[in-house]
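**Student:** Can you keep this structure in mind? I'll have questions shortly.
The values are calculated or read from the model by the stated rules, or taken from the named source; none is laboratory data. From a predicted model like this one, the values you see are computed outputs, not experimental measurements. All Cβ positions, glycine included, derive from the backbone under ideal geometry; neighbour counts span all protein chains shown.
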Amino acid sequence: TVFSMLIGVSLGVVLAVMRLSDNPILSSVAFVYTWFFRAMPRLVLAVLFGNLGILWERFGLGLPFDRQIGALFGLHDFQAKFFSVRAVDLLTGFLAGMLALALSEAAYMAEIVRAGIQAVDVGQTEAAEALGLTRGQTLRRIVLPQAMRVIVPPTGNETIAMVKDTSLVAYTPVTGELFFQLQAISHRTFDVFPVLVGACLWYLVLCSVLMVVQYYVERYFSRGYGARTGKPAPPLIEPTGVGGIIHEH
């Protein structure tokens, strides 16, 4: 959950900035990414990433067409590879599941961050530009801090959803995952229903803790918004001097 959310939030911020960019190439790439991963079920992605080792035997980095280049010089065994690793060793169940969840989460976070940035009044950006701040400084110091009030609540919901979606990586498979371990216990003891109740209680406790954390984080970033500060001003009293009558305005 932690690694998937860190990657998802970081990549989501980059994709949100790309979507809002004036460059049509960057904007189009970000749109296609969010369209694809928002349309794909996470269970399908987890199974797909878990079976990528079937498609490729090895992953490596080196000079392209190295064998063809070596054949031109009579070196038929020439290979210019910096490193090479077996696909099944690289794409373990943990890594495959983490990437599937993180890449899917990035698409949703991109839309959340984009909505938060667009919620900030454009006058804030214009004022920052008038002060000589660059676009990067404006985004980092002016826009994003104000956008956090809009970004934090759905991000908290996404984190809670991510905790529950980690049960999907049992299909990659990840043997250390909570739901996988509980299933293994039920297969040994043949007590399916009590184990499922135990799984519900575990997720209930974990998600309840995250809900409490989300509540306080939202309060922190909502300071100064929608709250009345100070005492209301007293009514303006103006003596008229006519018959001792005082009118309040």
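Results for (1) within 24 Å of VAL32 (Cα to Cα); (2) in contact with an Asp or Glu (Cβ under 6 Å, 6 or more places away or on another chain); (3) at pLDDT 90 or above; (4) hydrophobic (A, V, I, L, M, F, W, C), shown as yes or no for each residue.
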position: ALA115; (1), (2), (3), (4): yes, no, yes, yes
position: VAL122; (1), (2), (3), (4): no, no, no, yes
position: GLU126; (1), (2), (3), (4): no, no, no, no
position: LEU131; (1), (2), (3), (4): no, no, no, yes
position: ILE142; (1), (2), (3), (4): no, no, no, yes
position: ILE160; (1), (2), (3), (4): no, no, yes, yes
position: VAL174; (1), (2), (3), (4): no, no, no, yes
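**Student:** Right, something else. Looking only at the range 76-86, count every residue that is in contact with a helix residue (DSSP H, G or I) (Cβ under 6 Å, 6 or more places away or on another chain) and either modelled with pLDDT of 70 or more or not hydrophobic (A, V, I, L, M, F, W, C) (or both) and tell me the total. Working first, answer last.
**Tutor:** From the range 76-86, those in contact with a helix residue (DSSP H, G or I) (Cβ under 6 Å, 6 or more places away or on another chain) are 78-80; that's our starting set.
Keeping just the survivors that are either modelled with pLDDT of 70 or more or not hydrophobic (A, V, I, L, M, F, W, C) (or both) gives 79.
Going through the range 76-86 one residue at a time, the tally reaches 1.
**Student:** Further question on the same structure: Tell me, yes or no, whether the range 8-30 has at least one residue that is at pLDDT 75 or above and closer than 21 Å to ALA170 by Cα. Let's see the steps before the verdict.
**Tutor:** Initial filter on the range 8-30 (at pLDDT 75 or above): 8-30.
Narrowing further to those that are closer than 21 Å to ALA170 by Cα: 8.
The answer is yes, given that some residue of the range 8-30 is at pLDDT 75 or above and closer than 21 Å to ALA170 by Cα.
**Student:** If you take the residues in the range 186-205 that are surrounded by 15 or more Cβ atoms within 10 Å (Cβ to Cβ) and among the hydrophobic types (A, V, I, L, M, F, W, C), which one is nearest to the chain's Cα centre (by Cα)?
**Tutor:** For the range 186-205, the residue satisfying everything is ALA199.
**Student:** Quickly run through the range 11-26 and pick out the residues that are part of a helix (DSSP H, G or I) and under 15 Å from ILE117 (Cα atoms). Even if it seems obvious, please write down each step before you answer.
**Tutor:** Applying the first criterion (part of a helix (DSSP H, G or I)) to the range 11-26 yields 11-19, 24-26.
Matches in the range 11-26: GLY12, VAL13, VAL14, LEU15, ALA16, VAL17, MET18, ARG19.
**Student:** Report yes if GLY136 is at positive phi and surrounded by fewer than 21 Cβ atoms within 10 Å (Cβ to Cβ), otherwise no.
**Tutor:** Values: at positive phi: no; surrounded by fewer than 21 Cβ atoms within 10 Å (Cβ to Cβ): yes.
No; evaluated as a whole, the condition is false for this residue.
**Student:** Quick one: which of THR134, THR166, THR155 is closer than 30 Å to VAL205 by Cβ, more than 12 Å from the chain's Cα centre (by Cα) and not hydrophobic (A, V, I, L, M, F, W, C)?
**Tutor:** On the way: THR134 fails: closer than 30 Å to VAL205 by Cβ; THR155 fails: more than 12 Å from the chain's Cα centre (by Cα).
Answer to the check: THR166.
**Student:** Would you confirm, using the coordinates I've provided, whether VAL150 is out of contact with any Lys or Arg (no Cβ under 7 Å at 6 or more places or on another chain) and surrounded by 15 or more Cβ atoms within 10 Å (Cβ to Cβ)?
**Tutor:** Working: out of contact with any Lys or Arg (no Cβ under 7 Å at 6 or more places or on another chain): yes; surrounded by 15 or more Cβ atoms within 10 Å (Cβ to Cβ): yes.
Against the criterion (out of contact with any Lys or Arg (no Cβ under 7 Å at 6 or more places or on another chain) and surrounded by 15 or more Cβ atoms within 10 Å (Cβ to Cβ)), VAL150 qualifies.
**Student:** State which residue pairs qualify: first residue more than 13 Å from LEU168 (Cα to Cα) and without any contact (Cβ under 8 Å) to a residue 40 or more places away in the chain and inside the range 87-104, second residue of a type in the set (Val, Ile, Thr) and assigned to a helix (DSSP H, G or I) in any location, beta carbons under 9 Å apart, and separation of 6 or more residues or different chains.
**Tutor:** Within 9 Å, the pairs are ALA87/ILE54; VAL88/ILE54.
**Student:** Could we say that GLY70 is part of a helix (DSSP H, G or I), under 32 Å from the mean Cα position of the chain (by Cα) and modelled with pLDDT under 75 here?
**Tutor:** On the way: part of a helix (DSSP H, G or I): yes; under 32 Å from the mean Cα position of the chain (by Cα): no; modelled with pLDDT under 75: yes.
Spelling it out, it is not the case that GLY70 is part of a helix (DSSP H, G or I), under 32 Å from the mean Cα position of the chain (by Cα) and modelled with pLDDT under 75.
**Student:** Could you please find all residues in the range 150-172 being touching a residue at least 60 places away in the same chain (Cβ under 8 Å) and of a type outside the set (A, V, I, L, M, F, W, C)? Break it down into steps so the answer makes sense when it comes.
**Tutor:** First, pick out the residues of the range 150-172 that are touching a residue at least 60 places away in the same chain (Cβ under 8 Å): 152-153, 155-156, 158-159, 162-163, 165-166, 168-169, 171-172.
Passing the criteria: PRO153, THR155, GLY156, GLU158, THR159, ASP165, THR166, TYR171, THR172.
**Student:** Same structure, new question: Can you confirm whether the range 217-228 contains a residue that is touching a Gly at 6+ places or on another chain (Cβ under 8 Å) and modelled with pLDDT of 85 or more?
**Tutor:** Going residue by residue through the range 217-228, those that are touching a Gly at 6+ places or on another chain (Cβ under 8 Å) are 217-218.
Then drop every residue that is not modelled with pLDDT of 85 or more, which leaves 217-218.
Yes: one or more hits.
**Student:** If you check every pair at least six apart or on different chains, which have Cβ atoms under 6 Å apart with a residue in the range 181-199 that is farther than 18 Å from LYS164 by Cα first and a residue that is of a type outside the set (A, V, I, L, M, F, W, C) and part of a helix (DSSP H, G or I) second?
**Tutor:** If the second residue must be of a type outside the set (A, V, I, L, M, F, W, C) and part of a helix (DSSP H, G or I), the pairs left are VAL192/SER186.
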